[in-house]
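Chemist: Have a look at the structure that comes next, please.
The values are calculated or read from the model by the stated rules, or taken from the named source; none is laboratory data. Computed from a predicted model, the values in this text were never measured in an experiment. Methodologically, a virtual Cβ is constructed for each residue, glycine included, from the backbone with ideal geometry; neighbour enumeration extends over all protein chains shown. These accessible areas exclude ligands, DNA and RNA; they are computed on the full protein's heavy atoms, side chains included. Shrake-Rupley method; radii C 1.70, N 1.55, O 1.52, S 1.80 Å.
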Amino acid sequence: MKKKTQNGGSAFEKFATKVCKAAGSTPAFIGAFLLVVGWAISGPLFNYSETWQLVINTGTTIITFLMVFLIQKAQNKDSLAIQLKLNELVASNERSSNSLVDIENMTEEEMIIIQKYYHRLSELAKKDESIRTSHSIAEAHSQHEYKDKNRNKHRTTRTKTEK
């Protein structure tokens with residue numbers, strides 16, 4: 001399968017993606033580890049001076065400060081891609097609730113309300129013979145009412161025939 005060509009994006013986006021991939025690699029870790037070991041070994045040569053300590057502190061602080069922004073940029077892009085993929089899945093399934101599309105823009109309070117609905121749906125699904133029998137709170141309630149009526153009807157019919 002051929003890979004689709006992507007629009008290049010901004011120079012910063014390309015840079016951030018490449019740096020994040022490189023920084024998360026094994027060679028990058030080994031390089032950083034060796035740098036710290038080299039610094040530690042050089043301690044006696046510099047009599048463990050304040051300047052010697054300042055070198056590692058300043059270097060790690062600057063790298064950490066810059067990496068925070070690069071990693072956040074890559075994380076934002078990945079998060080957006082995941083949200084779009086999930087939105088496509090929700091939107092493409094005719095039985096799913098479209099209220100979940102764009103949920104990432106809801107307030108936390110609104111999400112908690114939806115979480116309570118799904119918790120209730122989970123409780124109703126546990127009562128079902130199969131967890132695949134319902135897909136929304138409204139349908140779950142109507143299915144349970146229907147099932148209860150049928151169960152009661154069958155119980156009444158059995159009781160009458162047994163007498």
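Chemist: Spot the failing condition for E109; the list is (1) acidic (D, E); (2) in a helix (DSSP H, G or I); (3) at pLDDT below 90, and only one is missed.
Modeler: Only one criterion in (1) acidic (D, E); (2) in a helix (DSSP H, G or I); (3) at pLDDT below 90 is unmet by E109, namely (3).
Chemist: Right, something else. If C20 satisfies all but one of (1) assigned to a loop (DSSP other than H, G, I, E, B); (2) in contact with a Leu (Cβ under 6 Å, 6 or more places away or on another chain), what's the number of the condition it fails?
Modeler: (1)
Chemist: Just a yes or no: is a residue in the range 67-78 more than 30 Å from D102 (Cβ to Cβ) and either surrounded by 11 or more Cβ atoms within 10 Å (Cβ to Cβ) or modelled with pLDDT of 90 or more (or both)?
Modeler: Taking every residue of the range 67-78 in turn, at least one turns out to be more than 30 Å from D102 (Cβ to Cβ) and either surrounded by 11 or more Cβ atoms within 10 Å (Cβ to Cβ) or modelled with pLDDT of 90 or more (or both).
Chemist: Would you mind stating whether I137 is of a type in the set (A, V, I, L, M) and modelled with pLDDT under 65?
Modeler: Spelling it out, I137 is indeed of a type in the set (A, V, I, L, M) and modelled with pLDDT under 65.
Chemist: Would a scan of the range 67-79 turn up a residue that is basic (K, R), part of a helix (DSSP H, G or I) and free of Cβ contacts under 8 Å to residues at least 40 places away in the same chain?
Modeler: no
Chemist: Another question, if that's okay. Could you check A125 against (1) at pLDDT below 70; (2) part of a helix (DSSP H, G or I) and say which number it fails?
Modeler: In the conditions (1) at pLDDT below 70; (2) part of a helix (DSSP H, G or I), A125 misses (1) alone.
Chemist: In addition: Condition (residue is closer than 28 Å to A23 by Cα and β-branched (V, I, T)) applied to the range 91-106: is it met by at least one residue?
Modeler: Within the range 91-106, not a single residue is closer than 28 Å to A23 by Cα and β-branched (V, I, T).
Chemist: Here is a follow-up. Among the residues in the range 48-61, are any within 30 Å of the chain's Cα centre (by Cα) and either over 26 Å from I103 (Cα atoms) or open to solvent by 100 Å² or more (accessible area, probe 1.4 Å) (or both)?
Modeler: yes
Chemist: Take the residues in the range 82-91 that are open to solvent by 60 Å² or more (accessible area, probe 1.4 Å) and either under 20 Å from K116 (Cα atoms) or not hydrophobic (A, V, I, L, M, F, W, C) (or both), then tell me which one is nearest to the chain's Cα centre (by Cα).
Modeler: It comes out as K85.
Chemist: Filter the range 11-41 for residues that are of a type in the set (S, T, Y) and surrounded by fewer than 13 Cβ atoms within 10 Å (Cβ to Cβ); which is farthest from S79 (Cα to Cα)?
Modeler: Among those that are of a type in the set (S, T, Y) and surrounded by fewer than 13 Cβ atoms within 10 Å (Cβ to Cβ), it is T26.
Chemist: Could you list, in sequence order, all residues of the range 92-101 that are open to solvent by less than 70 Å² (accessible area, probe 1.4 Å) and in a loop (DSSP other than H, G, I, E, B)?
Modeler: Of everything in the range 92-101, those that are open to solvent by less than 70 Å² (accessible area, probe 1.4 Å) and in a loop (DSSP other than H, G, I, E, B) turn out to be S96, S97, V101.
Chemist: Of E50, E13, which residue is at negative phi, among the acidic types (D, E) and free of Cβ contacts under 8 Å to residues at least 60 places away in the same chain?
Modeler: Sole residue among the options that is at negative phi, among the acidic types (D, E) and free of Cβ contacts under 8 Å to residues at least 60 places away in the same chain: E50.
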